[in-house]
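A.B. asks: Got a structure here, written out as structure tokens. Questions coming.
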Amino acid sequence: MEFQEIKELIRLIDQSSLRSFSLSDQGAVIQMSKNEGALPAQSAAPMAAAAASPAEAISFSAPSPAGEAPSIKEVDPVNGNTITAPLVGTFYASAAPDKPPFVTVGSQVKEGDVVCIIEAMKVMNEVISPYNGTVQKILVENEEVVGYGQPLFLIR
């Protein structure tokens, strides 16, 4: 599926009365679900409200080779590993403008730690570290628009 088709699908599901949706297309899977207490579009504090109670959860997964289970990668101590953007949206380093950033250069992260939020279509998506290590470099600025697969952090 093309990005525009996915955006249109999200819009259609959002406007429908469906609570969850799943689509498999050529081995890729798209799953969407809506919570009953959806946030109003004109929320005064969208970052804090969405971080506390996300309006929707959307997950995308690409097909993996047959017989191979996805696994967490070990950090490459020489070159490091990058955490990349899982979707297109606006990068936020913290849960709200008045909150400290999730991580800074030198922060120790563990697999499963939230490292940032990416907002896409008024939905706040937590980005989780797949690595244990130290944040060596933050490769984007707060409130910068990021693309799918764009490197966000260097972890060693």
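The values are calculated or read from the model by the stated rules, or taken from the named source; none is laboratory data. In this text the structure is predicted, and so the values were computed from the model without any measurement. Every residue, glycine among them, receives a Cβ derived from its backbone with ideal geometry; neighbour counts consider all protein chains shown. Only protein heavy atoms, including side chains, enter the accessible area calculation; ligands, DNA and RNA are left aside. Shrake-Rupley method; radii C 1.70, N 1.55, O 1.52, S 1.80 Å.
A.B. asks: Could you say whether any residue in segment 94-102 is modelled with pLDDT of 95 or more, buried (at least 18 other Cβ atoms within 10 Å of the Cβ) and not in a loop (DSSP other than H, G, I, E, B)?
C.D. replies: no
A.B. asks: Let me ask something else. Filter segment 114-139 for residues that are β-branched (Val, Ile, Thr) and surrounded by fewer than 18 Cβ atoms within 10 Å (Cβ to Cβ) and give the result.
C.D. replies: Correct list: VAL114, ILE128, THR134.
A.B. asks: If you don't mind, another one. Test LYS137 against the stated conditions and say whether it is among the basic types (Lys, Arg), under 27 Å from ILE10 (Cα atoms) and touching a residue at least 24 places away in the same chain (Cβ under 8 Å).
C.D. replies: So LYS137 does not fit the description; no.
A.B. asks: Residues in segment 67-84: is at least one among the basic types (Lys, Arg), open to solvent by 60 Å² or more (accessible area, probe 1.4 Å), part of a loop (DSSP other than H, G, I, E, B) and modelled with pLDDT of 90 or more? Talk me through it step by step, then tell me what you get.
C.D. replies: Within segment 67-84, the first condition is being among the basic types (Lys, Arg), and the residues that meet it are 73.
Cutting the leftovers down to open to solvent by 60 Å² or more (accessible area, probe 1.4 Å) gives us 73.
Okay, now just the ones that are also part of a loop (DSSP other than H, G, I, E, B), so 73.
Checking the rest, the ones that are also modelled with pLDDT of 90 or more come to none.
No, segment 67-84 contains no residue that is among the basic types (Lys, Arg), open to solvent by 60 Å² or more (accessible area, probe 1.4 Å), part of a loop (DSSP other than H, G, I, E, B) and modelled with pLDDT of 90 or more.
A.B. asks: Additional query: Is segment 108-120 home to any residue that is charged (D, E, K, R) and under 22 Å from ARG11 (Cα atoms)?
C.D. replies: The initial filter retains those residues of segment 108-120 that are charged (D, E, K, R), namely 110-111, 113, 119.
In the following step, the residues that additionally are under 22 Å from ARG11 (Cα atoms) were identified as 119.
Scanning segment 108-120 turns up at least one residue that is charged (D, E, K, R) and under 22 Å from ARG11 (Cα atoms).
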